[in-house]
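All remarks here apply to the structure that follows.
Read the figures in this text as sums done on the coordinates, not as results from a lab. Treat the numbers as computed from the prediction; the structure is a model and nothing was measured. Please note: Cβ atoms are built from the backbone with ideal geometry, for glycine as well, and neighbour counts cover all protein chains shown.
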Amino acid sequence: MNLSLNLLINSVLIGLLFRIDIIRILIIWRDAVLDSTSIELLSIIFLLYLLSICMEKLKKFERMVYFLQEMIRDYRLVMILVPSFVSLLPIQGGAIFSAPMIKSIGDVNKISAEKNMFINYWFRHIVTLIYPLNPSIILYASLLSISLKKLIVLLCPFSVMAFLSGTIWLYLNLNYYPVKKRILKYSQIIAIKGFIYNTWPILMVVLLTLIFNIMLLFSLSLVLSLLLIFNTELRLQWTSFLFESVKASYKTLFLVCGIFIFKGMLEYSQVVALLPDYFLSLGVPLSGVLVLVPFLIGFFTGSVIAFIGICVPIFSTILVDNNGMIVISKMVLLFISGHIGMMLTPIHLCLAITKDYFHIRINKFYNILITHISVLSIFSIFYYLFLTKIVD
């Protein structure tokens, strides 16, 4: 079944299960879609698609990848760097930004769609774990009243393990094709200039957003305006590019609406607040509850901010000791569990959006993903035990 429709049906079923009348359900739907955050995200996603199509038509992605591979001879390293770099844009569903570049490299090197998507998805979510401008990290540190630096240091081993797991897999599964000397006709300086010339729209969006603290929506609008002003081809075909962007993005936009509606129904019904007491009543140990509840909330919402915003209030008394100090091991366990749930769910925006872009067979993608999630889960158990014994 279509995921957007599935989410809408499930939101209705949750409403009926909690005896919410139809009028209230429709109001929740309306509020979820018309919320300023939803409208902003929908606008950003549409503009990202538009920018992607404009750059693709101007062959900037193709040239960008070419010059990047002139600078870095091993395309596998390039595939690691591209989504990691783009992850500096702290937006939901931002994997669509790096997807065209990864697809370009993958197509040239005959890499399957599932592998392309895994690389784009996996390496995007490694940097975000330790990125100080990540809103989720900032929120978690703020809610727990601990320093941002301390939280990043504690999450760093998890990020390193994720990087090692992905990198080892990539180098084992992707062949290295030495670049022939006759192809390497550009000097490093010319290659760098060519790379900057073809990536300036992306670089400008990143700089405006991160350095000058301009809203991403405005940054994208400005860059698209500049492309339109300085490129005759775009001006002449602007209408067709706009319609092409609508055609390419409408499924994603409906999906985002479905996700926000489903999330809104979960919040209104307060079903997630019942989870801790439910699991404790079943005799599940406290550490098990700290794993299951964040995992399920991360899985059902597909959002880091959602599981943080829901779980921290629920577990506020559990996360501190008798002296009112944060228990480091529990704090890390809660975050990692929610992160793993968020990475696995099909409603995670990055996964939901890019699966259509890459046209993958979802079972083959999940075979790869679950292997790496298993590695992280095993590592997390040992890391939790280490923190329990050494740090707490």
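Determine the gain in length on full extension of the stretch residue 225-residue 378; use 0.36 nm per residue of separation and subtract their C-alpha separation, reporting nm with one decimal.
50.3 nm
Which order do the peptides 192-203, 300-311, 77-88 come out in when sorted by mean C-beta neighbours inside 10 angstrom, highest first?
Answer by packing, highest mean first, reads 300-311, 77-88, 192-203.
Report, ordered by chain and residue number, the aspartates and glutamates lying within cross-link reach of residue 263, taken as a straight Cα distance under 14 Å and ignoring same-chain residues fewer than 8 apart.
31, 35
Pull out the extension gain between residue 139 and residue 371, defined as 0.36 nm times the separation in residues minus the alpha carbon to alpha carbon distance; nm, one decimal.
80.6 nm
Which value, in debye to the nearest 20, gives the size of the charge dipole of region 3-107 about its Cα centre, when Lys and Arg are +1 and Asp and Glu are -1 at the Cβ?
140
So if the hydrodynamic radius of region 287-345 is defined as the Kirkwood radius over C-alpha pairs, what does Stokes-Einstein give as its diffusion coefficient at 37 °C and 0.692 mPa s, in µm² per second?
Roughly 296 µm²/s, to the nearest whole number.
Translational D (Stokes-Einstein, µm²/s) of the chain at 4 °C and 1.567 mPa s when Rh comes from the Kirkwood sum over C-alpha pairs?
So the translational diffusion coefficient is about 58 µm²/s.
Can you give me the Cα centroid spacing of region 212-244 and region 193-210 in angstrom?
14
Can you pull the Kirkwood radius for region 121-173, inverse mean 1/r over Cα pairs, to one decimal in Å?
Here the Kirkwood hydrodynamic radius works out to 11.8 Å.
Within 10 Å, count the other beta carbons around each residue, average over each peptide in 37-47, 115-125, and list them highest first.
115-125, 37-47
Mind giving me the FRET efficiency for residue 215 and residue 39? R0 is 22 Å, r the Cβ-Cβ distance, nearest 0.05 is fine.
Given R0 = 22 Å and the Cβ-Cβ separation, E is 0.95.
Dipole of the chain, Cα-centred, from +1 at each Lys and Arg C-beta and -1 at each Asp and Glu C-beta, to the nearest 20 debye?
1320
With axes computed from alpha carbons, what is the tilt in degrees of helix 95-108 against the longest principal axis of the chain, rounded to the nearest 10 within 0 to 90?
Between helix and principal axis, roughly 50 degrees.
Within straight cross-link reach of residue 115, meaning Cα distance under 21 Å, which lysines are found once same-chain residues fewer than 8 apart are removed?
Result set, ordered by chain and number: 103, 355, 364.
Counting helices only, and only those DSSP H runs with n ≥ 4, report the 222 nm mean residue ellipticity of the chain as the sum of -39,500 (n - 2.57) divided by its residues, in deg cm²/dmol to the nearest 500.
That calculation yields -25500 deg cm²/dmol at 222 nm.
Lys/Arg Cβ at +1, Asp/Glu Cβ at -1, dipole of the chain taken about the Cα centre: which of 293, 388, 86 is farthest positive-ward?
Checking the options against the dipole of the chain, the answer is 86.
Quick one: if you stick a label point 7 Å off each Cα along the C-beta vector at residue 9 and residue 251, how many nm between them?
Going by the 7 Å Cα→Cβ label model, 1.8 nm.
Quick check: convex hull over the Cα atoms of region 200-253, volume per residue in Å³, rounded to an integer?
Roughly 87 Å³ of hull volume per residue.
Largest first and in whole Å, what are the equivalent-ellipsoid semi-axes of region 249-377 based on the Cα gyration tensor, each being the root of 5 times an eigenvalue?
So the three semi-axes of region 249-377 are 29, 18, 12 Å.
List the lysines whose alpha-carbon lies under 21 Å from that of residue 150, not counting same-chain residues fewer than 8 positions away?
The qualifying lysines are 330, 389.
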